[in-house]
Every structure is written in structure tokens, then in C-alpha cells.
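Read through the structure below, which is laid out as C-alpha cells, and then see the notes.
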Amino acid sequence: MEWQALFNATLIRELELQNNPSSRLREALLYAARSPGKRLRPKFVRESGQRFGLPDSTIDLCGIAIESVHLFSLIHDDLPALDDDDLRRGLPTLHKKFDEGTALLAGDELLNLAYSFFLKIKNGVSSENLLTALHYFSKCIGGEGMIGGQMLELELLHSGTTPDLPTLLKIQDMKTGALFRASILIPALIAGESESSGIFQTLESYANSFGFAFQIADDLEDEYQDEEEARKNILSLMGRDAAIRMAVDGLELQKIAGEFTPTGFLLSKLQSKI
């Protein structure tokens, strides 16, 4: 069985083990987990964790925790109060399949479970390293990271103003980039690496380049779908060709880029647009 299928099965099994008195909440969690996706973030966790020699059980729990946060973010992003989407990857969004209240609570539960999965990590991992990793995780998904980036985007939408490039880059770095940083760097912290170490900073630089390139690839997918929105993204403000070239060069200049398989997937996607 290929890695992604194994990961999906492990994610489903962990969610099925949860003691939820509400069968509706349980069904909603499993619906979110079974939605099609590339699992890029847990793939990064796996490859980074293997680089540092972490046990498979630790890698699995760390990957499930981070993917749970990603699923939480998608569920809440799709709600009418934010992006108001009816479909995701060709399937009804969770609030359309169930209802808005269930979607809110399912997202809340996935965020809560993420911490629970981290706290199940044992296998000789020091409590000090795990606490450091959890602190970094909280920073990446909270007001300084993903949730903060979503709030800045919402404030920008409500202001009715045209964004400038530095603002959009900051939102991208927080809303999208932070969870990629968590995926790549948390295994390093669990293994005992310091945030000031050379390898940590090398990994962080790569994660930042990947996050930016991922956003450009995402903007390219939408460039012909919504002309009004396309005028408000990084692609339009930087210029299409310049943005693609910066994204490709940024990845290719990272000396450890070849150690992570998502690099090739993203580079090929971007280079097909040149």
C-alpha cells in the first residue's frame, strides 16, 4: 500500500477511536478526513521526521495532528462568514453536507484533537522537546500564524481597499506558509534541534520558499476563474511571469529542496505555466 493510502487509513482509525457521544459529530469528522487531498503537510512531516530519525509512531501522530489542523482550517474557511464555498474538490463542503453549526464544531474538535495527538507521542521523546514543539505549533496556527493571517484577510475584505503587495505577502506567509513551516520544523524540534541551529534555519528558509511557491501555484489555478479576485492576489501585483520565476528560483536555490518530494511536484506545476 502506498504511503498516502496508509496515512489516510491511520488518520481515519485515529478519528474512529475518539469517544464522541454525538454520532453526527463523528460522521462530520470522518467526512472531512475522507475528502480527497494531496496530504502535502503530513508528507513533509514524514520526510523531515525520517531525516532526524524519529520513530514511525511519532511521525504518524505528528502528521495526523498537523493534517487535523489543515482540515479544521478548510472547514472554517468554507463557511458563509468567510469564503462561503459550496464545493471543495468537487464535493459538498462540510456545512453544505451537514449544517453550519456542525461544521463549526467539527472544525473546533479537529483543532482540539491536534493537541491530543501530539500529547500521545512517547517513544523516548523528551518532554522538554515536545513542549518546545507544541509551543512552536501553537505559534504557527494561532494569531501569529494561520488564524492571524485569516483575520488579516477578513479585515482587508471588509475594508474594501485594494491590497498592496507587502500586505498580501504577509497574509500568505501567515495563512498558508505557517503550516508548512510547522510540518517541516516540528519534527526537528521534537528531535532536539534548536531554533537557532543552522539546520533549523536552512529548513525554515526552504519552508518559506515552498509556502510562497505554493501560493503562486494556487493563484495560477484561479487566474481565469474570478477576474475580480484575480486583481487582488500576489500574481496580479507582482506580474504573472515575475511571480512564477521568483517562485521557481526560490525553490531551486534551496540546497535541501531535493530532499523533499513535494518540491518536484510543485516545480513541475509551476514550470508548466511558464
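Listing for the model above:
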| quantity | calculated |
| --- | --- |
| Partners for LYS122 among aspartates and glutamates (Cα-Cα distance below 20 Å; same-chain residues under 8 apart left out) | GLU14, GLU47, ASP56, ASP60, GLU67, GLU193 |
| In order through region 128-140: 3J(HN,Hα) via Karplus (6.51 cos²θ - 1.76 cosθ + 1.60), integer Hz, x for Gly, Pro | 5, 5, 5, 5, 4, 5, 5, 4, 5, 4, 4, 5, 5 |
| Nitroxide proxy distance, nm - points 7 Å out along Cα→Cβ at SER268 and ARG13 | 2.9 nm |
| Total formal charge among the other residues, if their Cβ is under 10 angstrom from that of PHE265, Lys/Arg +1 and Asp/Glu -1 | +3 |
| Between region 233-274 and region 109-148, the alpha-carbon center distance in angstrom | 29 Å |
| Structure-based [θ]222 nm, the chain - -39500 (n - 2.57) summed over DSSP H runs of at least 4, per residue, nearest 500 | -22000 deg cm²/dmol |
| Which of SER116, SER23 has the fewest Cβ neighbours within 10 Å, and the rest in rising order | SER23, SER116 |
| Per-q log10 I(q)/I(0), region 125-223, q = 0.11, 0.22, 0.23, 0.24 Å⁻¹ (Debye; single scatterer per alpha-carbon; no solvent) | -0.38, -1.10, -1.16, -1.22 |
| Ellipsoid semi-axes in whole angstrom, largest first, where each is sqrt(5λ) of the Cα gyration tensor of the chain | 28, 25, 17 |
| Per-residue HN-Hα couplings for region 5-21 [Karplus 6.51, -1.76, 1.60; θ = phi - 60°; Hz; x = Gly/Pro] | 5, 5, 5, 4, 5, 5, 4, 4, 4, 5, 6, 5, 6, 6, 8, 9, x |
| Cβ-based net charge around LYS96, under 10 Å, with every Lys or Arg adding one and every Asp or Glu removing one | -3 |
| D_trans [Stokes-Einstein, Kirkwood Rh over alpha-carbon pairs] for region 186-274, 37 °C, 0.692 mPa s, µm² s⁻¹ | 233 µm²/s |
| Per-residue Cβ neighbour rank within 10 angstrom, fewest leading, TYR206, TYR115 | TYR115, TYR206 |
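A short reminder: the numbers here are calculations on the coordinates, not readings from a lab. Just so we're clear, the structure is a prediction, and the values are computed from it rather than from any experiment. Positions of Cβ are backbone-derived with ideal geometry, glycine not excepted, and every protein chain shown enters the neighbour counts.
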